[in-house]
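Asker: Below is the structure I would like to discuss, written out as structure tokens.
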Amino acid sequence: MMQATRGILSTLVLLALVGAGCGDKADPDLQVERLPDVHPNLPSVPTLPEPPFPTTYQDSSYSIYGLRHRIRNTMGTDVTVTGYIVDIYVPPECPRGQVCPRPAAPHLYIADTATETDHHNSLMVVGYAENQEQIDEAVDLASRGRYEPPDPESGILPIPTDFAQGNKVKFSGKFARVSGSGFNNSEGLIEYRSHETLEAVEPTEE
């Protein structure tokens with residue numbers, strides 16, 4: 001019985017080896033067809049537009065574009081930003097004898113170009129004076145050479161006397177959405193600390 005079993009196993013192994021040997025030989029009737037080369041049709045790489053303004057200038061101050069472009073890093077921090085004064089708020093005159101709404105506190109707008117007219121593309125600057133009377137008085141004294149800035153040790157900020165529409169100015173202050181004087185802007189505003197006038201427009205004769 002054992003010999004018969006061994007004989008059957010030997011026969012099966014021999015058949016398996018023969019079958020394997022036959023599989024290694026190529027079939028002469030088998031034809032291999034080459035598939036055509038694949039040429040992917042991909043769109044051309046788009047050219048990214050250049051940013052409208054540099055993020056920062058050589059003096060490391062931000063442009064208005066750059067300040068908002070990096071809003072995750074700049075919001076809530078002290079920054080320096082350079083721009084052109086494009087609009088200065090002037091309280092409306094109140095006719096004598098009438099009761100008028102209280103005017104807003106002084107504020108202005110700066111932009112990356114001197115010709116910008118849309119406040120959405122501008123940046124509000126606030127906190128440089130409590131009311132227009134302070135500015136008018138300081139400007140009048142400065143024109144006569146009599147304006148004396150407060151003692152720096154007092155912590156009181158001097159009233160700016162050289163703001164004019166068209167001036168290129170570098171402002172320093174806190175970039176925030178809400179100011180201490182009640183102004184708010186979802187895209188941020190500057191809580192004034194100091195400024196430097198870089199370019200002043202020529203005064204016009206009235």
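The values are calculated or read from the model by the stated rules, or taken from the named source; none is laboratory data. All values reported here derive from a predicted model rather than from experimental measurement. Quick reminder, even Gly has a Cβ in these numbers, built from the backbone with ideal geometry, and neighbours come from all protein chains shown.
Asker: Has segment 42-54 got any residue that is surrounded by 15 or more Cβ atoms within 10 Å (Cβ to Cβ) and not in a loop (DSSP other than H, G, I, E, B)?
Answerer: Scanning segment 42-54 turns up no residue that is surrounded by 15 or more Cβ atoms within 10 Å (Cβ to Cβ) and not in a loop (DSSP other than H, G, I, E, B).
Asker: So, one more: Suppose we keep only residues that are in contact (Cβ under 8 Å) with a residue 40 or more places away in the chain and assigned to a helix (DSSP H, G or I) within segment 69-84. Which one would you say is farthest from Glu116 (Cα to Cα)? Don't jump to the end; show me each part of the working.
Answerer: Kept after step one, since they are in contact (Cβ under 8 Å) with a residue 40 or more places away in the chain, are these residues of segment 69-84: 71, 74-84.
Narrowing the set further to residues that are assigned to a helix (DSSP H, G or I) leaves 71, 74.
On the way: Ile71: 21, Thr74: 23 Å.
Once the filter is applied, the top-ranked residue is Thr74.
Asker: Determine if segment 85-92 includes at least one residue that is part of a strand (DSSP E or B) and among the acidic types (Asp, Glu). Lay out the reasoning, then the answer.
Answerer: First pass over segment 85-92, keeping only residues part of a strand (DSSP E or B): 85-88.
Subset that is among the acidic types (Asp, Glu): 87.
Scanning segment 85-92, I find at least one residue that is part of a strand (DSSP E or B) and among the acidic types (Asp, Glu), so the answer is yes.
Asker: For Asn121, which of the numbered conditions (1) surrounded by fewer than 14 Cβ atoms within 10 Å (Cβ to Cβ); (2) under 30 Å from Pro54 (Cα atoms) fails to hold?
Answerer: Here Asn121 clears every test but (1).
Asker: Out of Ala138, Ala129, I need the residue that is surrounded by 12 or more Cβ atoms within 10 Å (Cβ to Cβ), among the aliphatic types (A, V, I, L, M) and part of a loop (DSSP other than H, G, I, E, B). Which one? Spell out the reasoning first.
Answerer: Values: Ala138 fails: part of a loop (DSSP other than H, G, I, E, B).
Answer to the check: Ala129.
Asker: For Pro150, work out the one condition from (1) at pLDDT below 95; (2) out of contact with any Leu (no Cβ under 9 Å at 6 or more places or on another chain) it doesn't fulfil.
Answerer: Result: Pro150 fails condition (2) only.
Residue by residue, here is whether (1) in contact (Cβ under 8 Å) with a residue 12 or more places away in the chain; (2) touching a Gly at 6+ places or on another chain (Cβ under 6 Å) holds:
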| residue | (1), (2) |
| --- | --- |
| Pro152 | no, no |
| Pro160 | yes, no |
| Phe163 | yes, no |
| Lys168 | yes, no |
| Lys174 | yes, no |
| Asn185 | yes, no |
| Tyr192 | yes, yes |
| His195 | yes, no |
| Ala200 | yes, no |
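Asker: In the set Ala20, Ala16, Ala26, which member is part of a loop (DSSP other than H, G, I, E, B), modelled with pLDDT under 75 and over 30 Å from Lys170 (Cβ atoms)?
Answerer: Numbers: Ala20 fails: part of a loop (DSSP other than H, G, I, E, B); Ala16 fails: part of a loop (DSSP other than H, G, I, E, B).
So the residue among Ala20, Ala16, Ala26 that is part of a loop (DSSP other than H, G, I, E, B), modelled with pLDDT under 75 and over 30 Å from Lys170 (Cβ atoms) is Ala26.
Asker: Now, a different point. Quick check on segment 141-192: of everything there that is among the small types (Gly, Ala, Ser) and part of a loop (DSSP other than H, G, I, E, B), which residue is surrounded by the most Cβ atoms within 10 Å (Cβ to Cβ)?
Answerer: First, the residues of segment 141-192 that are among the small types (Gly, Ala, Ser): 142-143, 145, 154-155, 164, 166, 172-173, 176, 179-182, 186, 188.
Filter again for part of a loop (DSSP other than H, G, I, E, B), leaving 145, 155, 164, 166, 179-182.
Working: Gly145: 6, Gly155: 7, Ala164: 15, Gly166: 14, Ser179: 21, Gly180: 10, Ser181: 16, Gly182: 9.
Filtering first and then ranking leaves Ser179.
Asker: Shifting gears a bit: Does Thr80 qualify as being hydroxyl-bearing (Ser, Thr, Tyr) and surrounded by fewer than 14 Cβ atoms within 10 Å (Cβ to Cβ)? Steps first, please.
Answerer: Working: hydroxyl-bearing (Ser, Thr, Tyr): yes; surrounded by fewer than 14 Cβ atoms within 10 Å (Cβ to Cβ): no.
When the stated conditions are applied, Thr80 does not pass them.
Asker: Would you pick out the residues in segment 68-122 that are under 19 Å from Thr197 (Cβ atoms) and of a type in the set (A, V, I, L, M)?
Answerer: Val79, Val81, Ile85, Val86, Ile88, Leu108, Ile110, Ala111, Ala114
Asker: Those residues that are touching a residue at least 12 places away in the same chain (Cβ under 8 Å) and more than 21 Å from Phe171 (Cα to Cα), I need them from segment 35-68; list them, please.
Answerer: Hit for segment 35-68 is Pro51, nothing else.
Asker: Please work out if Thr113 is under 16 Å from Ser61 (Cα atoms), under 28 Å from the mean Cα position of the chain (by Cα) and assigned to a loop (DSSP other than H, G, I, E, B). So that I can check it myself, show each step before the final result.
Answerer: Details: under 16 Å from Ser61 (Cα atoms): yes; under 28 Å from the mean Cα position of the chain (by Cα): yes; assigned to a loop (DSSP other than H, G, I, E, B): yes.
Considered against the rule, which asks whether it is under 16 Å from Ser61 (Cα atoms), under 28 Å from the mean Cα position of the chain (by Cα) and assigned to a loop (DSSP other than H, G, I, E, B), Thr113 comes out as yes.
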